Amino acid sequence: MNLFHAYVYYPKVIKNKYIDNVFGAILSQAFFVPITSTFLTLFKLGWRWKAGFTIYFFLIEQTFLKLGIYKHQWWKTIFTSSILPISFEIGEEWFSKLKTQNKIITNLSVYFTFVVIHVNFLFYLAVNNFYRAGYKKFSWHEHFVVNGLYTLWVSIWYSLNGYNQSFLRSVVVLVILVMNDFALIKLRIIKVRKWEYTFLPLHLLILLLGRKVRDLYRVKEAGDKING
């Protein structure tokens, strides 16, 4: 949506049209579809359920198009219908690997958890004019491109801290994150209002969550812990 302008959302929840568009995408791609995939995986529902939910999302998309809540640029509903079953299968396979404590899948799960936590906080800060990212005009298009890259980068450090958390490691990672922020501010890649009341507490909170996040996945029977 942001990089290739495939489609546009019009939920009309936020006054700023571009942020409103992103909010619509978040609800669809980061909330409803992942929750559905998780539901199918945890309850071990077969292909009939997957086909049913694929049809359901197909009908929802068609309804949104007719209501003007959603608009295709070059995207097609058939693309959505083709990709959903694949994403459901990936979710199921990912979970099976997670239960066997596959190191790559476990580490990626921890990393993506930090990405989700961080990017949602940043979305809130951006909507409330505490933060903006960019490289030329600081348009909202630029913001969400740079913001995504920034989140992917700092989440690496959050993950490293959570991997074998200690007070010293947390302090070192915090120093790196602070230096990183001020370097980006100095280079005018990000603009932060009241950094000490926004980004600093955010870093501290996520660093404190480090071990807790990793412990979600560090069990012999991951399925039992996650299902609980």
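The values are calculated or read from the model by the stated rules, or taken from the named source; none is laboratory data. Fair warning: this is a prediction, and the values are worked out from it, not measured in the lab. Neighbour counts run over all protein chains shown; Cβ positions are idealised from the backbone, glycine included.
Here are some notes:
- Residues satisfying the stated conditions in the stretch 6-37, i.e. surrounded by fewer than 14 Cβ atoms within 10 Å (Cβ to Cβ), touching an Asp or Glu at 6+ places or on another chain (Cβ under 8 Å) and among the β-branched types (Val, Ile, Thr): VAL13
- Criterion (buried (at least 17 other Cβ atoms within 10 Å of the Cβ) and either free of Cβ contacts under 8 Å to residues at least 24 places away in the same chain or in the same structural domain as SER81 (by TED's automatic domain parsing) (or both)) met by exactly one of LEU3, LEU40: LEU40
- Of all the listed residues (TRP195, TRP153, TRP157), the sole one being modelled with pLDDT of 95 or more and in contact with an Asp or Glu (Cβ under 8 Å, 6 or more places away or on another chain) is TRP195.
- Considered as a group, the residues in the stretch 75-98 that are over 27 Å from VAL154 (Cα atoms) and charged (D, E, K, R) include one that is farthest from the chain's Cα centre (by Cα), and that residue is LYS76.
- Scanning the stretch 188-199 for residues that are over 16 Å from PHE123 (Cα atoms) and surrounded by 13 or more Cβ atoms within 10 Å (Cβ to Cβ) yields one hit, ILE189.
- Elements of type helices (runs of 4 or more DSSP H) in the stretch 38-130, at least 2 residues being under 30 Å from GLY210 (Cβ atoms) and not small (Gly, Ala, Ser): 77-99, 103-127
- Within the stretch 156-168, at least one residue is more than 24 Å from THR38 (Cβ to Cβ) and under 16 Å from the mean Cα position of the chain (by Cα).
- Criterion: out of contact with any Leu (no Cβ under 8 Å at 6 or more places or on another chain), surrounded by fewer than 18 Cβ atoms within 10 Å (Cβ to Cβ) and in the same structural domain as THR36 (by TED's automatic domain parsing) - qualifying residue of SER82, SER139: SER82
- Output for the stretch 80-97, where each listed residue is among the basic types (Lys, Arg) and closer than 15 Å to GLY46 by Cβ: none
- Criterion (among the hydrophobic types (A, V, I, L, M, F, W, C), modelled with pLDDT under 95 and exposed (fewer than 13 other Cβ atoms within 10 Å of the Cβ)) met by exactly one of LEU216, LEU168: LEU168
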